[in-house]
Amino acid sequence: MRTVIVGGGVVGLATAYELASAGVEVTVLEVAKAGAGASHGNAAKIALAESNPVPAPGVLLQGIRWMLKPDSPLSIHPSVAPGYLKFLLRMAMHCNARDFAAGLDLHLRLGDDANDLFDDYQRQGIDFEMHDRGVLLAFETKERFEEHAESLEAFEAAGHIPQRLHGDAVLEAEPALSDRLRHGLFFPNDRQIEPDSLTRALVAKIRELGGTVREDTGVSGFVRSGDTVTAAVTDDAEVLRTDSVVIAAGVPTGALSAKLGQRLPIYSGKGYSIDYSPAPVQLKTSLTLEDARVAVTPLDGTLRLAGTMEFGSRDDSVNEVRVEAIRRAAREAFHGWGDGPGEKTPWAGSRPMTPDGLPVIGPLTSAKNAFVNSGHSMLGLSLAPASAKVLTDIMLDRPSRLGADHLAQVSPNRF
């Protein structure tokens with residue numbers, strides 16, 4: 001069986017690896033460089049402790065309040081295309097306690113064995129940088145701590161039990177923090193992954209298994225025979241015959257699926273990251289500065305700051321105001337940060353968001369051999385291995401790790 005996978009980010013590459021491991025002849029088509037999009041600039045961690053879906057009670061209302069504050073953690077551009085306005089309205093409908101709980105349960109189930117799956121990658125010779133420092137969610141106020149703690153029951157039921165820290169215990173967990181951070185939740189099982197090392201290793205492994213990864217190759221359309229896709233057509237008008245196609249292209253997934261008669265509501269949620277090498281401070285653990293919504297991830301020789309959610313952006317240009325808000329969060333959170341020596345060029349990129357905050361995994365109804373694996377918002381790195389296994393099981397007609405109800409939650413046909 002031949003499969004063309006459109007998209008060479010971590011989700012597309014993980015999918016290609018699973019299919020190739022099962023004996024499928026895979027060809028990955030990536031419009032730029034493999035792993036160079038949202039996969040490159042993410043928070044660099046397996047975020048089991050932060051599996052909350054983006055639509056949550058009060059989220060969009062808070063975004064509207066922050067609309068006139070250019071350095072806020074959440075930004076909604078007031079002047080957007082009609083399709084995006086419809087997307088935001090649909091997201092608003094999911095900002096309720098019931099949908100939030102269902103989405104969190106799905107994410108926790110899908111990411112339950114993420115650490116084991118990444119360990120399996122390394123045992124299979126996929127060599128990448130990974131650490132097991134855990135993560136400390138740090139809060140300035142008890143009110144924010146208690147607000148976050150309301151969802152802990154779901155985490156604890158799934159086996160993710162944090163240490164609750166207050167006062168000096170927070171500084172004992174991470175001595176580099178300033179004493180303005182007085183409350184914390186430490187999740188010991190969260191890990192850190194340098195994403196470029198992972199995507200490079202996946203590309204090498206796919207090729208070792210006989211697969212093809214073609215960079216700088218965009219897809220302009222598909223050839224169909226009735227309800228079957230028979231080929232993908234590149235931007236250079238090359239026709240690549242195939243027995244099935246997987247669209248795992250991040251934000252462009254919506255437009256690509258529309259070429260097969262089924263547009264998916266996947267839109268951009270722009271995020272930012274800044275790397276420092278050498279690191280301005282030495283950390284025991286990775287952190288999330290919850291009040292500023294900034295992730296701080298120590299890697300080999302590098303410290304990454306990542307944060308913000310920007311709805312409605314039309315490109316991946318860097319907004320210096322939002323970058324400075326991330327820098328300011330670090331200056332206020334850490335002793336001796338100073339001006340953050342070693343700063344590299346800030347990055348901005350588009351993460352694929354869905355109105356219900358859940359990924360899109362499964363077959364399209366518009367073409368019987370077309371599938372999607374996308375829409376993972378800020379959890380692409382965390383959920384990529386499991387999502388790839390779910391889709392591979394669907395494509396090869398094997399029993400799924402997810403039950404029927406959870407498969408329905410992630411189906412492309414739920415919209």
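Every read-out reported here was derived from the displayed coordinates using simple, explicitly stated rules and does not represent laboratory data. Since we're looking at a predicted model, the values are computed, not measured. In this analysis, Cβ positions are derived from the backbone assuming ideal geometry, glycine residues included, and neighbour counts consider all displayed protein chains.
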**Asked** Most exposed first by the Cβ proxy, i.e. fewest other Cβ within 10 Å, how do 236, 216 rank?
**Response** 236, 216
**Complete:** For the pair residue 2 and residue 368, the simple spin-label estimate (label points 7 Å beyond Cα toward Cβ) gives in nm 2.0
**Prompt:** Over segment 163-300, what is the relative contact order in whole percent, taking alpha-carbon pairs under 8 Å and six or more residues apart?
**Reply:** 18
**residue 315-residue 235 FRET efficiency (beta carbon distance; Förster radius 22 Å; 0.05 resolution)** = 0.70
**Message:** Taking 8 Å as the Cα distance limit and 6 or more residues as the minimum spacing, I'd like the relative contact order of the chain as a percentage.
**Reply:** 25
**Asked** With springs only between Cα atoms under 10 Å, which of 30, 150, 129 fluctuates most in a Gaussian network model of the chain?
**Response** 150
**Item:** Vicinal HN-Hα couplings computed from phi for segment 225-238 (Karplus, 6.51 cos²θ - 1.76 cosθ + 1.60; Hz; Gly/Pro x)
**Value:** 10, x, 9, 10, 7, 10, 6, 9, 10, 7, 4, 8, 6, 7
**Request:** Pop out the ³J(HN,Hα) list for segment 9-22 in order, Karplus 6.51 cos²θ - 1.76 cosθ + 1.60 with θ = phi - 60°, rounded to Hz; leave Gly and Pro as x.
**Result:** x, 5, 5, x, 5, 4, 5, 4, 5, 5, 5, 5, 5, 8
**Message:** I need 1, 130 ordered by Cβ neighbour count within 10 Å, fewest first.
**Reply:** 1, 130
**Request:** Could you compute the FRET efficiency for residue 116 and residue 93, with r as their C-beta to C-beta distance and R0 at 41 Å, rounded to 0.05?
**Result:** 0.70
**Request:** Mind sorting 33, 205 by how few other Cβ atoms lie within 10 Å of their own Cβ, fewest first?
**Result:** 33, 205
**Request:** Considering the options 157, 6, 135, tell which one lies farthest towards the positive end of the dipole of the chain, charges being +1 on Lys and Arg and -1 on Asp and Glu at the Cβ, about the Cα centre.
**Result:** 6
**Fully extended contour minus Cα-Cα distance, from residue 204 to residue 157, at 0.36 nm per residue** = 13.2 nm
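At 0.36 nm per residue, minus the direct Cα-Cα distance, what do residue 81 and residue 189 gain on full extension? Give it in nm, one decimal, please. Each step should come with its number before you reach the end.
Values: separation 108, 0.36 × 108 = 38.88 nm, distance 4.09 nm.
Additional length available on full extension: 34.8 nm.
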**Computed [θ] at 222 nm, deg cm²/dmol, the chain (DSSP H ≥ 4; -39,500 (n - 2.57); rounded to nearest 500)** = -9500 deg cm²/dmol
**Asked** Across segment 155-160, in residue order, what do the Karplus-derived ³J(HN,Hα) couplings come to in whole Hz, using 6.51 cos²θ - 1.76 cosθ + 1.60 with θ = phi - 60° and x for Gly and Pro?
**Response** 5, 5, 5, 8, x, 9
**DSSP beta bridge pairing in the chain, given as percent antiparallel to the nearest 5** = 70
**Prompt:** FRET efficiency for residue 168 and residue 129, Cβ-Cβ distance as r, R0 = 41 Å, nearest 0.05?
**Reply:** 0.80
**Request:** Give me the distance in nm between label points sitting 7 Å out from Cα along the Cα-to-Cβ direction at residue 25 and residue 398, one decimal.
**Result:** 2.1
**Request:** Could you work out the mean projected area of the convex hull around the alpha carbons of segment 149-204, in square nanometres to one decimal?
**Result:** 5.8
**Fill in**
Treating only Lys and Arg (+1) and Asp and Glu (-1) as charged, each at its beta carbon, one finds that the chain has a dipole about its Cα centre, in Debye to the nearest 20, of 1020
**Prompt:** So which of 45/259; 205/389; 205/344; 86/259; 69/284; 205/270 end up more than 23 Å apart, counting from Cα to Cα?
**Reply:** 45/259; 205/344; 69/284; 205/270
**Request:** Provide the packing ranking of 34-45, 326-337, 133-144, 370-381, i.e. peptides ordered by the mean count of other C-beta atoms within 10 Å per residue, highest first.
**Result:** 370-381, 34-45, 133-144, 326-337
